[in-house]
Structures are given as structure tokens and as C-alpha cells.
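J.: Pasting a structure here, questions to come.
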Amino acid sequence: MPQTVKKEEANMEKNNKQTEKKQKRSYPFYAVENPVEENRIHVFVETLGAVLKDEKYKLLLDLYLNTCASCNSCAEQCHLYQTTHEEKDLPAYRSNLLRSVYRKYYTTSGKVLGRFVGAKALEESDIDAMIESFYRCTMCRRCAVECPMGVDNALLTRIGRCLLGALNIAPKNFTLSSTQELTGIGNTSGIPKEAFIDTLDFLQDEIKDMTGHAVEFPRDKVGAEYMFIAPVSDYIMEADTLMGTAMALQAAGADWTIGTSFYDAINYGLFYSDGITSDILNKLLAEAERLKVKKILIGECGHATKAAKLFTDVFGKYKFPVRNIMEYTAEAIEQGKLKLNPKVNTETVTYHDPCNLGRGLGIYEPPRDIVKAAVMHFVDLQPNREKNYCCGGGGGSVTVQDLHDFRMNLAGIKKVEQIKASGAKYIAAPCANCKKQLKELVEYHKLPVTVIGVHDLLIKSLVF
């Protein structure tokens, strides 16, 4: 047989094996277009090395990846593991997937002693395990509260997701929404500027019809003290929250405005990419710079507040103080700028601590101060504050429709139990993603409760 024929047959066999390998590899909803198929191990390991050199992460990762007491305290705190009791849902198991790679390639002991010190050469099957495991975690950080070594497993999960992102592996919902926000129409919901402005006008009319008071949604005001920006989805689904917010700001005498060149606080980069986090954040900051405002107010959204508060000093081209709207409203109530009549809200109300606002930023009391001032009967979920359970849709998983059954039957069960035990008629949740998840849980499990925003309560209770 001629040598050229043998070579062609050999190449054909090699291509067939590669094709077969690709056909067997399944990414469910995680893969963006053209996921990396070749040299995945090399790309993953090299990217990890680059992250380890990053000053933002170096000290923390060296600590967390070298530390684990193997005590399984995290297992007792994880809402998912408490439901499934499966090894793959152990926070420590998930972190060990990354920890073993780190020790093998980036520690002397791991290179020499291998498995004796928990080091392991990365294999294709390990990457596949990471894909599922890192996206089952809701990054709620409840496990970190009780870790005796202070290990932040949620940070390791996020780093793991970023490493998978180097292989073009991420939920399509993240990547498509982020692309649309950065290069498309400028927001994740595809709302044109004209439609957005019409919505602001409509909300003004609604407030006038409901309360008899003229309340303005000021826009593009240069030099205002505050620029207010909320998740753009609120303008589609959370009108009461926005109306209550505008009423509070006007009644308190706030000098504020809304930008119409960029009007979406959502930042999905927080869940999977530093680059995307930075790009979206800087669009937000550029809008504040354009309007020459002094401060930024983020609406009722946990991850948007966290992205803006924590990453402005790290990634920001411009520097602005960032507050959540509930911090402003609670302060206005305390200072006597806002007066509320709780007698108009007689049903029992409870409060859900969003993970990014609570454990992520320590914003526990301002929302409670608002709710308590606005209603007759308030009850706390048990447990609450830093021990509160995730809604089950954290880490961006609520945006992934293919995870619906997982969120309803596994990740959200502890929250369902909390809500049932509270006996509340309303649950206030100041986060766009939490509201979506909780509303789906309520519908799926037929719970006799209504999900609202914190500022929804001000529509009836605010005294002008």
C-alpha cells in the first residue's frame, strides 16, 4: 500500500476518533458557540496559573487552595447538600476539584508527592465534573459562615467558572445577555431607549392615578446628587417596586436622576467572568460620569449592588460612591425625611435576605427597618441574616431555564420550608433574581404567599 494512502487512512482514523469524542461530549446548556475541544487541559492549567499571579486573587487563592480541615462543616450549612446528600454537592468536594489541580501544577509538594498531598493531574473527566459541579453551586456563601478555616468556597466556585470560561464553557443565558448589554441594544432585556422613556412616563401616570400625587422619574439631569439605576427587567416585571422607589426619593427630597444612555444594572459577569464584570461596570460608571452625578444608587438587586460596590475600586475607570436604594430609604426614615403609616398594610410580611446583599455586603438591617416601618406585622424567616438560606436561584442559575426543575425540586426546597413555617402572607425580596426564583417556587409548590419588593410597601404606607 502506498505511503500516502496509509497516511490518509491514519489521518481519517484520527479525525473519526476526534469527531466521536466531540459527539460523546455533552455540555447541556453550558456551552457557548465554538467551545474549546482541543488542548482543554493545557488551556485550563495555564489560565489557572495566570489567575494565581493576579494580585486580586493571589493571597486568597494561595490560602484557600492550601487549606481545608476536611471537617465537613460546610456540608451542614449547604442548602443543596442538605437536600440531596450527594457527594458532588459538598462544598469541599467542589473546591477539591480545583484544589487538586492547583497542588499538582503549582506547589512543590504536589509535583513531588502527588496524591499523597491531594494533588492530581488534570484529566478530561475532571473538567466535565467541574462543569456540572460549579454550576450546581448557587455561590450563596452560607458554608463560609461556619468554616473553621475561613475558606470561601463560593470564591473558588467563581474562579472555577472563570477557568471554564477560558474554554468557552458558560451558560448561554449569561453570554448572550452580556453580549446584548455590551454590544447590542445596551441592556439584557432588549428594551429600546424610546420604549424605556415611555415606561418612565407610564409609571408617572400610574402613581398619579393610584395616589393622587405627581411623582417624577427625572431623566438625564446633569449634576444631580444621585444616579439611580435598577435591573432593566424591573421596568417590565416590577413596576410597584420602581413606583415605591420614586415616591420615596421624591418625598425625601432627593436630588436624583435616571440615565437614558445606559439603564441596566444587571451584571452577569459577576457569575463567570472578570472581563465581562469590568466591561459592564464601566458602562455604568461612564453613564454616571456623563451625567456628572456625585453618587450611584442601585435598585433592589443583590448581584448588581455587589458588582458595583465591590468592583468599582478594582475595575472602575471612574470612582463613585455606591449605595443600595434600601440604605438610602432606611436612612431617610431614621432622619425623619420619610413618614410611613403601617396601619394600611395589615397582612403579615416576612423578609428574604438575598445572599449578595446579606452575606455578600452585610446589608441586613436597612431593609428590615423599612419593612417594619411600613407594616403592622413582621416576622423573620428562621434562620435569617447570615444564616438565611439561598432562594435556590443564586449564582445566576435562576436565569438558566434548563435548571428549572433543579431549582424547584432541589436547590429551592429549604427556602420553601422556611416560607411555609413563617405563616406570612407576603415575602419581601429586594433582588431581581431572588424575586424571579421565589415567584416560581410559589407557583410550583402552590404556596399561599405573594412575592413583593421592599419598596412596594411604600405605595400605600408613604405619607406625603
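The values are calculated or read from the model by the stated rules, or taken from the named source; none is laboratory data. Everything numeric in this text was worked out from a predicted model, so none of it was measured. Virtual Cβ from ideal backbone geometry, glycine too; neighbours counted across all protein chains shown.
J.: Ala246 is checked against (1) crowded, with 23+ Cβ neighbours inside 10 Å; (2) among the aliphatic types (A, V, I, L, M); (3) modelled with pLDDT under 95 and fails just one. What number does that condition carry?
T.: Failed condition: (3).
J.: Are any residues in region 309-334 within 16 Å of Tyr226 (Cβ to Cβ) and either in a loop (DSSP other than H, G, I, E, B) or aliphatic (A, V, I, L, M) (or both), and if so, which ones?
T.: The answer is Tyr318, Lys319, Phe320, Pro321, Val322, Ile325, Met326, Ala330, Ala332.
J.: What about Arg94, is it closer than 22 Å to Ile131 by Cβ, in contact (Cβ under 8 Å) with a residue 60 or more places away in the chain and among the basic types (Lys, Arg)?
T.: It is true that Arg94 is closer than 22 Å to Ile131 by Cβ, in contact (Cβ under 8 Å) with a residue 60 or more places away in the chain and among the basic types (Lys, Arg).
J.: Looking at Val442, Val451, Val416, can you tell me which residue is within 23 Å of Pro366 (Cα to Cα) and either at pLDDT 95 or above or in a helix (DSSP H, G or I) (or both)?
T.: Result: Val451 is the single residue among Val442, Val451, Val416 that is within 23 Å of Pro366 (Cα to Cα) and either at pLDDT 95 or above or in a helix (DSSP H, G or I) (or both).
J.: Another question about this same structure. Hey, Val151 hits all of (1) in a strand (DSSP E or B); (2) β-branched (Val, Ile, Thr); (3) in contact with a Ser or Thr (Cβ under 6 Å, 6 or more places away or on another chain) but one; which does it fall short on?
T.: (1)
J.: It is to be established whether one or more residues within region 234-249 are within 30 Å of Gly165 (Cβ to Cβ), within 16 Å of the chain's Cα centre (by Cα) and of a type in the set (A, V, I, L, M).
T.: No - not one qualifying residue is present in region 234-249.
J.: Which residue is nearest to Met247 (Cα to Cα), if the candidates are limited to region 174-191 and must be among the hydrophobic types (A, V, I, L, M, F, W, C) and in a helix (DSSP H, G or I)?
T.: Across region 174-191, the extreme among qualifying residues is Leu182.
J.: Within region 292-314, track down each residue that is aliphatic (A, V, I, L, M) and surrounded by 20 or more Cβ atoms within 10 Å (Cβ to Cβ).
T.: Residues satisfying the conditions are Val293, Ile296, Leu297, Ile298, Ala304, Ala307, Ala308.
J.: While we're looking at this one, here's another question. Do you know which residues across region 264-277 are over 12 Å from the mean Cα position of the chain (by Cα) and at pLDDT 95 or above?
T.: Asp264
J.: Let me ask another. Look at Tyr64 and say whether it is buried (at least 23 other Cβ atoms within 10 Å of the Cβ), closer than 21 Å to Ala119 by Cβ and either aromatic (Phe, Trp, Tyr) or touching a Phe, Trp or Tyr at 6+ places or on another chain (Cβ under 7 Å) (or both).
T.: yes
J.: If you don't mind, another one. If only one of Met139, Met130 is at positive phi and crowded, with 19+ Cβ neighbours inside 10 Å, which one is it?
T.: Within the list Met139, Met130, the selection yields Met139.
J.: On to the next question. Look at region 43-59 and say how many of its residues are modelled with pLDDT of 90 or more and either of a type in the set (A, V, I, L, M) or not assigned by TED's automatic domain parsing to the domain that holds Ala92 (or both).
T.: Number satisfying all stated conditions: 6.
J.: While we're on this one: Identify, please: which residue in region 192-221 is without any contact (Cβ under 8 Å) to a residue 60 or more places away in the chain and part of a loop (DSSP other than H, G, I, E, B) and is, among those, nearest to Arg290 (Cα to Cα)?
T.: Pro218
J.: Can I ask one more? Identify, please: which residue in region 431-441 is surrounded by 23 or more Cβ atoms within 10 Å (Cβ to Cβ) and under 11 Å from Asp234 (Cα atoms) and is, among those, farthest from the chain's Cα centre (by Cα)?
T.: Among those that are surrounded by 23 or more Cβ atoms within 10 Å (Cβ to Cβ) and under 11 Å from Asp234 (Cα atoms), it is Lys435.
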